[in-house]
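Input: a single structure, listed below in structure tokens.
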Amino acid sequence: MIKSKSPEEKYHYFKGSYDSKERFISYWHQINEIISFEPEKILEIGVGNGFISKYLKGRNLNVITFDVENELSPDVAGSVLKLPFVSESFDVIACYEVLEHLPYSQFSKALKEIHRVSQKHVVLSLPDVTTVYRINMELPRIRPIKKLINHPFHRPAQHVFDGEHYWEIGKTSYPLKRIELDIRQSGLKIIKTYRVFEFYYHRFFALEKL
């Protein structure tokens, strides 16, 4: 009889190499964007290894976790394409590194469901492979300079499904402008978008419901 794998064995979230120093910096941004809105009730779509929800709950914030995978023990299981919550149930919805796991044809539908369930704010992060130069300078008597500059001759590669991601920002057919347009057309205003300096594969979007 073949023993079934535990979640810790099955999912890469629990492997030692997953939680790098750079990823912990991304965790800081994930948490900071949520608490900056001073929410009373939060929905986290995509449980991952549970780090974010555990931290927020440790600060006595009301967090409901949601995931398609029952094995990850979310509070509620289901599809982001049909969220089992009444409209405007949550002050903030956080959806980090999730929507690229859906075919892009379903991106707008997922956004509209998130828009429906959000009362005010949404925070997304998505993978961005656009080539950048990273500038980090510290000189005496001058304010430190930290900046990401897009490569002027970035050549988008064709995305090939790797068993995980159906698409990524910066690949052929998925420029940032297209993603931003679909976000706005779902009824969400882009307050800001940025890439994490230390982990620029992650692009964040802080959004407000219109």
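For the reader, a short list of remarks on this structure follows.
- For the range 130-152, the tally of residues that are assigned to a loop (DSSP other than H, G, I, E, B), surrounded by 10 or more Cβ atoms within 10 Å (Cβ to Cβ) and free of Cβ contacts under 8 Å to residues at least 40 places away in the same chain stands at 2.
- A single member of Glu138, Glu88, Glu100, Glu69 is of a type in the set (D, E, K, R) and touching a Ser or Thr at 6+ places or on another chain (Cβ under 8 Å), and it is Glu88.
- Verdict on Arg155 being farther than 25 Å from Tyr11 by Cβ, part of a helix (DSSP H, G or I) and free of Cβ contacts under 8 Å to residues at least 60 places away in the same chain: no
- Residue count, the range 36-88 (criterion: surrounded by fewer than 16 Cβ atoms within 10 Å (Cβ to Cβ), assigned to a loop (DSSP other than H, G, I, E, B) and either on the phi > 0 side of the Ramachandran plot or modelled with pLDDT of 95 or more (or both)): 15
- Residue that is of a type in the set (Gly, Ala, Ser), out of contact with any Phe, Trp or Tyr (no Cβ under 6 Å at 6 or more places or on another chain), under 19 Å from Leu124 (Cβ atoms) and touching a residue at least 12 places away in the same chain (Cβ under 8 Å), where the choices are Ser79, Ser53: Ser53
The values are calculated or read from the model by the stated rules, or taken from the named source; none is laboratory data. Everything quoted here is computed from the prediction, not taken from an experiment. Cβ sites come from the backbone with ideal geometry, for glycine too, and all protein chains shown count toward neighbours.
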